[in-house]
Amino acid sequence: MATKKNGSTVSKVRPRCIICGRTEHDGVILVGHGPECICTECVENIHRYITELNTDLKPQGMYADKVKEEFKLLSPKEIRKYLDQYVIGQDEAKKFLSVAVYNHYKRILHQSQKSRDLELEKSNVLMVGPTGTGKTLLARSIAKMLHLPFAIVDATVLTEAGYVGEDVESILTRLLQDADYDVEKAEMGIVFIDEIDKIARKSDNPSITRDVSGEGVQQAMLKILEGNIVNVPPQGGRKHPEQKMIAVDTSNILFICGGAFEGIEKKIAQRLNTKVVGYGVQERTKDIDKKELLRYIAPQDLRSYGLIPELIGRVPVVTYLHPLDRTALRDILTTPKNALVKQYKSLFQMDGINLEIDEEVLDLIVDTAIKYNLGARGLRSICEAIMVDAMYEAPSAKKKEFRVTLPYAKEKLLSFTGSLLITG
């Protein structure tokens with residue numbers, strides 16, 4: 001097409017994409033000025049190609065190299081010292097966890113090195129102890145310290161594939177979410193599986209009803225604990241069947257399991273023959289502490305309880321948490337960074353009130369928890385019973401100070417202990 005301008009002929013060129021050659025008449029949107037433009041479809045294709053190219057050329061172990069550069073490896077004693085700030089007692093469990101986390105970090109750093117002739121295998125950990133002794137608190141304290149992805153999952157919701165509940169693969173979904181769906185980052189994380197004793201085999205006898213949350217779940221967990229490539233649904237569960245699975249290698253994921261295993265002391269006592277009458281029995285069992293039989297726990301006790309041998313073999317490190325005594329409960333109230341007394345003082349301080357609690361009140365709280373066998377979790381219940389009226393009245397009264405005395409605490413505990421007697 002030609003036009004006349006100042007006696008000369010000028011050709012008007014229609015803008016077109018410099019890659020595909022299409023114009024706006026072909027239904028594309030052009031970006032740029034002048035005859036040389038680029039269409040939006042070509043821009044998207046170029047972006048997609050560059051993204052795939054960068055993914056293919058991404059060096060293996062790049063995230064591990066980053067961890068090696070930025071992370072200062074803490075020794076087991078330093079990890080233990082950190083746990084002491086949040087958890088009272090449980091020295092044996094802290095020692096095992098400190099070594100397990102330390103070795104896990106060393107394995108990650110080793111994987112980033114060029115020489116990979118020697119492959120270090122992981123050692124998953126199982127913590128056994130009564131409820132309220134600090135299993136979950138230990139896991140949460142480690143989560144605060146770590147620079148790696150950390151997920152806490154509950155085994156009670158897991159069922160066999162095809163039944164109502166969560167699949168075993170949802171364990172890794174939580175880890176992926178904590179890692180912002182960075183697969184390489186998630187493959188170096190730590191998972192704490194709580195209430196693992198709830199998936200124990202219920203009975204050796206065949207039954208009409210299936211044990212959909214027992215042995216079948218244990219068998220499904222084997223491939224995850226040992227270290228295989230598992231297809232994980234990014235949204236979790238079976239509610240999105242059309243979603244694309246994400247392949248996750250669990251070889252470098254450390255699993256820490258915890259459970260109360262209520263009644264396992266009977267299995268341990270039977271194995272140790274603590275109640276057998278006969279010659280030489282007293283001499284053989286005199287050194288056994290019958291009040292803390294969990295310290296003698298062995299793999300055969302876990303098998304008698306209902307865990308399958310394959311699962312026990314994939315959790316080689318077994319440690320125990322002993323019940324909390326009076327000294328430990330007293331320290332829990334005041335010593336840790338997140339101690340209950342510090343929490344209540346902080347709550348009152350937000351209203352401009354200085355809270356004071358007499359030492360006799362703290363002793364009363366501990367004695368009540370021991371009397372009714374409430375454990376560490378019961379301390380908060382008792383504190384709430386004492387403080388609820390004060391937290392209700394003090395902000396409106398605009399007091400600058402509030403002191404909790406022994407007579408005041410005893411009065412507030414009357415209704416609390418009475419409800420315990422009724423329910424108990």
Review point. Counting only protein chains, not ligands or nucleic acids, how are VAL43, VAL153 ordered by accessible area (probe 1.4 Å), most first?
Key: VAL43, VAL153
Exercise for review: Give me the percent of the accessible area of the stretch 328-424 that comes from carbon and sulfur atoms, probe 1.4 Å, all protein chains in place.
Suggested key: 54 percent
Practice item. Provide the solvent-accessible area of LYS266, counting protein heavy atoms only and rolling a 1.4 Å probe, rounded to the nearest 10 Å². Key: 150 Å²
Practice item. Would you kindly state how much longer the chain becomes between GLU401 and THR335 on full extension, computed as 0.36 nm times their sequence separation minus their alpha carbon distance, in nm to one decimal? Key: 21.5 nm
Exercise for review: For every other residue with a beta carbon closer than 15 angstrom to the beta carbon of LEU30, add +1 if it is Lys or Arg and -1 if Asp or Glu, then tell me the sum.
Suggested key: -2
Exercise for review: For ARG16, enumerate residues with amide H under 5 Å from its amide H, sequence gap 5+ or separate chain, H modeled in the peptide plane.
Suggested key: CYS37
Review point. Can you give the accessible area per residue of the stretch 309-402, in Å², using a 1.4 Å probe?
Key: 54 Å²
Point to revise | Listed residues ASP182, ASP351 arranged by accessible area, highest first, probe 1.4 Å | key: ASP351, ASP182
Study note, to complete from the structure: Averaged per residue, the 1.4 Å probe accessible area of the stretch 115-196, protein heavy atoms only, in Å², is roughly 41 Å²
Review point. Quick one: if you stick a label point 7 Å off each Cα along the C-beta vector at MET245 and LEU146, how many nm between them?
Key: 2.4 nm
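The values are calculated or read from the model by the stated rules, or taken from the named source; none is laboratory data. All values reported here derive from a predicted model rather than from experimental measurement. Reconstructed Cβ throughout: ideal geometry from the backbone, glycine too, with neighbour counts over all protein chains shown. The area values use the complete protein model at the heavy-atom level, side chains included, leaving out ligands, DNA and RNA. Shrake-Rupley method; radii C 1.70, N 1.55, O 1.52, S 1.80 Å.
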